[in-house]
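First comes the structure, then the notes that go with it.
The values are calculated or read from the model by the stated rules, or taken from the named source; none is laboratory data. Nothing here was measured: the structure is a model prediction, and the numbers come from that model. Don't worry about glycine lacking a Cβ; one is built from the backbone with ideal geometry, like all the others, and counts go over all protein chains shown.
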Amino acid sequence: MPKPDLQPVNLGSISRGALMELFEIEIDKIAKNIADTKTKATQKRKLVLELTFAPDIDRKVLDITANAKTKLACIADHASRAYLGKGTDGQPYILKAGNTVQVDDDGFGQTVTLKAGEVNTVEKKIEPRIKLIPLRTFSECNPVESEFLIRFQQTRDQTPSIALFDLEGTKWQGDLMRSIKKYLVDNLPENVPVLA
């Protein structure tokens, strides 16, 4: 128990009230951070009042250091989407997302409009039927060309969705078997029968 003429230390008396002032400064920062709509609303904020006591060698005198530390919510992540494209000069550029893709469908074909930023616009009539050579077998065999229906659709986030529909059903399987047979006949000894 301290002597009657001495006052015990309290939070208001440390550093002549500096700890209370630090608390008020930091609590104001927390309030502003919570009110900032750019931060994540539910992220926890933290305020730590730190007191350091450094006694002298005789353990009779203490130096007290007061400090306040806050941990605030950082600016919330904002997701967006962009597209990498190439200009007519071959140089890469980034297309901003937004209304970058528009698809007009007349039932026979589609017109796809790509918009790069606010200035560059490319409009292209897309033929509904295209011929592709998908790799469906061994690389040594000649791949089989097939006809596909290509359809573009604009998604909710304005990105293009592309769908391919095989128009030939299973015809490609027979063509592919003939291609494999030709490869085997050409590359195996003559006395080896190839059934296909």
Quiz item: Is there any pair with a first residue in region 44-70 that is of a type in the set (Phe, Trp, Tyr) and a second that is surrounded by 12 or more Cβ atoms within 10 Å (Cβ to Cβ) and not in a loop (DSSP other than H, G, I, E, B) whose Cβ atoms are under 9 Å apart and which are 6 or more apart or on different chains, and what are they?
Solution: PHE53/ILE64; PHE53/THR65
Quiz item: Within region 151-166, is there a residue that is surrounded by 13 or more Cβ atoms within 10 Å (Cβ to Cβ), over 25 Å from the mean Cα position of the chain (by Cα), at pLDDT below 80 and not in a strand (DSSP E or B)?
Solution: no
Practice problem: Would you check which residues across region 116-145 are of a type in the set (D, E, K, R), closer than 28 Å to ILE94 by Cβ and modelled with pLDDT of 65 or more and list them? | Solution: GLU123, LYS124, LYS125
Self-check item: Unmet criterion (only one of (1) surrounded by 12 or more Cβ atoms within 10 Å (Cβ to Cβ); (2) assigned to a loop (DSSP other than H, G, I, E, B)) for GLU21
Solution: (2)
Self-check item: region 48-90 - residue that is surrounded by 10 or more Cβ atoms within 10 Å (Cβ to Cβ) and part of a loop (DSSP other than H, G, I, E, B) and, of those, modelled with the highest pLDDT
Solution: LEU72
Practice problem: Identify all residues within region 171-181 that are closer than 16 Å to ILE133 by Cβ and either touching a residue at least 12 places away in the same chain (Cβ under 8 Å) or outside any helix (DSSP H, G or I) (or both); write none if there are none. | Solution: LYS171, TRP172, ASP175, LEU176, ARG178, SER179, ILE180
